[in-house]
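Here's the structure, in structure tokens; my notes come after.
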Amino acid sequence: GAVVSQHPSWVICKSGTSVKIECRSLDFQATTMFWYRQFPKQSLMLMATSNEGSKATYEQGVEKDKFLINHASLTLSTLTVTSAHPEDSSFYICSARWTAPTAEAFFGQGTRLTVV
Amino acid sequence: GESVGLHLPTLSVQEGDNSIINCAYSNSASDYFIWYKQESGKGPQFIIDIRSNMDKRQGQRVTVLLNKTVKHLSLQIAATQPGDSAVYFCAENISPDTGRRALTFGSGTRLQVQP
């Protein structure tokens, strides 16, 4: 199957700093990628849909100025957590889907963000 | 709609037994369903999928059953092994399935396999 690579797998940052997380589709082009957030013992919650060459679509309650998404190419989407606070500590997961021959979704390994 | 962030229910089974994990979905417009396995600290891994024009699909040691009447999905794992211990999520896609929509995840079930 296709591979989605996410980097870094974990990061610790100080409050007030910004952190960038990269999501790459390694062997297919993804016009659309998705960013999820997962708190401990909970399910994946969609944050935003990243569209290549256009603005991301954010889910209700997700601050677009806080979580900046850039999808500059067909194989790379980035999520930047700006001015991070301890409550932003979470597991962030990206996903990309094929559009053909199936619409299977592939997930990155996830990024554990800890803000201290 | 979005999945609700609930604490995970746990299913505990003995090694070698069969496991059944259930999932209820809410959107009758969903036409594609997937089961994922998530191990601690990792992203979800695809297990098996099923389209709404089917009610059963089998893979290696896994079977997915779909009951559209009651909007219920189940994952059956035969001869459960310790390596099956993980959190299992169902996910649904709302028609049309273009690949440009995000999947909506269920709340998940933790499977613990006792040796």
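None of the figures in this text is laboratory data; all of them are computed from the coordinates on show. This is a predicted model, so every value here is computed, not measured. Glycine gets a Cβ as well: all are built from the backbone with ideal geometry, and neighbour counts include every protein chain shown.
Some points to look at:
- Flag for residue B:93 being within 29 Å of residue A:59 (Cα to Cα) and in contact (Cβ under 8 Å) with a residue 40 or more places away in the chain: yes
- From the options A:23, A:13, residue that is under 22 Å from residue B:40 (Cα atoms), more than 8 Å from every other protein chain (Cβ to nearest Cβ) and in contact with a Gly (Cβ under 9 Å, 6 or more places away or on another chain): A:23
- Each residue in the range B:19-58 was checked for being surrounded by 14 or more Cβ atoms within 10 Å (Cβ to Cβ) and not in a strand (DSSP E or B), and 5 of them qualify.
- Each residue in the range B:65-115 was checked for being under 15 Å from the mean Cα position of the chain (by Cα), among the β-branched types (Val, Ile, Thr) and more than 24 Å from residue B:18 (Cβ to Cβ), and 1 of them qualify.
- Any hit, the range A:84-92, residues being closer than 22 Å to residue B:36 by Cα, of a type in the set (Phe, Trp, Tyr) and outside any loop (DSSP other than H, G, I, E, B): yes
- Qualifying residue in the range A:85-99 (condition: within 13 Å of chain B (Cβ to nearest Cβ), of a type in the set (Val, Ile, Thr) and without any contact (Cβ under 8 Å) to a residue 24 or more places away in the chain): no
- In the range A:50-67, the count of residues that are among the small types (Gly, Ala, Ser), surrounded by 17 or more Cβ atoms within 10 Å (Cβ to Cβ) and within 23 Å of residue A:10 (Cβ to Cβ) is one or more.
- Of the residues making up the range B:67-86, those that are of a type in the set (A, V, I, L, M) and crowded, with 19+ Cβ neighbours inside 10 Å are B:73, B:75, B:77, B:86.
- Filtering the range A:44-67 to residues that are within 10 Å of the chain's Cα centre (by Cα) and not hydroxyl-bearing (Ser, Thr, Tyr) leaves A:46, A:47, A:48, A:67.
- Where residue B:63 falls short, out of the listed (1) surrounded by fewer than 20 Cβ atoms within 10 Å (Cβ to Cβ); (2) out of contact with any Lys or Arg (no Cβ under 9 Å at 6 or more places or on another chain); (3) more than 30 Å from residue A:113 (Cα to Cα): (2)
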